[in-house]
């Protein structure tokens, strides 16, 4: 049986619209339109987020959101009172694995991943994401609408970053930076900056003293980071 291009999953926080495979934009739009036509009026007023299996450009995401609005759906970021638990109340999930191209991992809570996320792989968490390895694929923190979520990686070279319903992609080929970096929402856009000890947002739990212990190695001065584009 051929894989569906578009699937719509209902959650207590709203709809998650998933796009499977490597379909082009027109194919995705036609499949999404067919789904919404079948249930015309049923989803009206529902909140939604887009969950693609490949990175979307800003223009592609805007076209798909506009199509959903036409059928009465509302992007999650436009709701007046989103139902999001404080990040400090979320459970912390520890996973030790490497995600390769085509693989996906979704967890409810804050995720600590001991391993690498290869290009073409996707990792999602309803809370924050801490990758103790290389991030070269897509990371989606706060995928249920949690705008306080962050993404931290020891090597930040993603193909796409998503926090809640905000999307950003690197401005060009990413050079390897020999220090951890952190991505967070600021003024409606995703900002990536070097991680410095003690600068996690107040609602994010601090790591244990053992994990945070200073290591004996030369001090590396972070260079200005070219900001990602929405």
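Of all residues in region 53-65, those that are within 24 Å of residue 105 (Cα to Cα) have Cβ atoms under 6 Å from Cβ atoms of residues that are in a helix (DSSP H, G or I) and modelled with pLDDT of 80 or more, 6 or more apart or on another chain, in 60/25. Screening residue 9 against (1) in a strand (DSSP E or B); (2) surrounded by 16 or more Cβ atoms within 10 Å (Cβ to Cβ); (3) free of Cβ contacts under 8 Å to residues at least 24 places away in the same chain leaves a single unmet condition, (2). Of all residues in region 120-152, those satisfying the criterion of being more than 14 Å from residue 106 (Cβ to Cβ), without any contact (Cβ under 8 Å) to a residue 40 or more places away in the chain and in a strand (DSSP E or B) are 130, 131, 132, 133, 134, 135, 151.
Looking at 193, 155 in this structure, which one is at negative phi, surrounded by fewer than 18 Cβ atoms within 10 Å (Cβ to Cβ), in a strand (DSSP E or B) and touching a strand residue (DSSP E or B) at 6+ places or on another chain (Cβ under 7 Å)?
Details: 155 fails: surrounded by fewer than 18 Cβ atoms within 10 Å (Cβ to Cβ).
Result: 193 is the single residue among 193, 155 that is at negative phi, surrounded by fewer than 18 Cβ atoms within 10 Å (Cβ to Cβ), in a strand (DSSP E or B) and touching a strand residue (DSSP E or B) at 6+ places or on another chain (Cβ under 7 Å).
Which is surrounded by 20 or more Cβ atoms within 10 Å (Cβ to Cβ), farther than 17 Å from residue 116 by Cβ, outside the structural domain of residue 53 (by TED's automatic domain parsing) and at pLDDT 90 or above, of 127, 137?
127
Output the residue which, of all residues in region 169-181 that are in contact with a strand residue (DSSP E or B) (Cβ under 6 Å, 6 or more places away or on another chain) and under 14 Å from residue 135 (Cα atoms), is surrounded by the fewest Cβ atoms within 10 Å (Cβ to Cβ). Restricting to residues being in contact with a strand residue (DSSP E or B) (Cβ under 6 Å, 6 or more places away or on another chain) and under 14 Å from residue 135 (Cα atoms), the top hit is 179.
The values are calculated or read from the model by the stated rules, or taken from the named source; none is laboratory data. Since this is a predicted model, take the numbers as computed values, not measurements. Note that each Cβ is placed from the backbone with ideal geometry, even for glycine, and that neighbours are counted across all protein chains shown.
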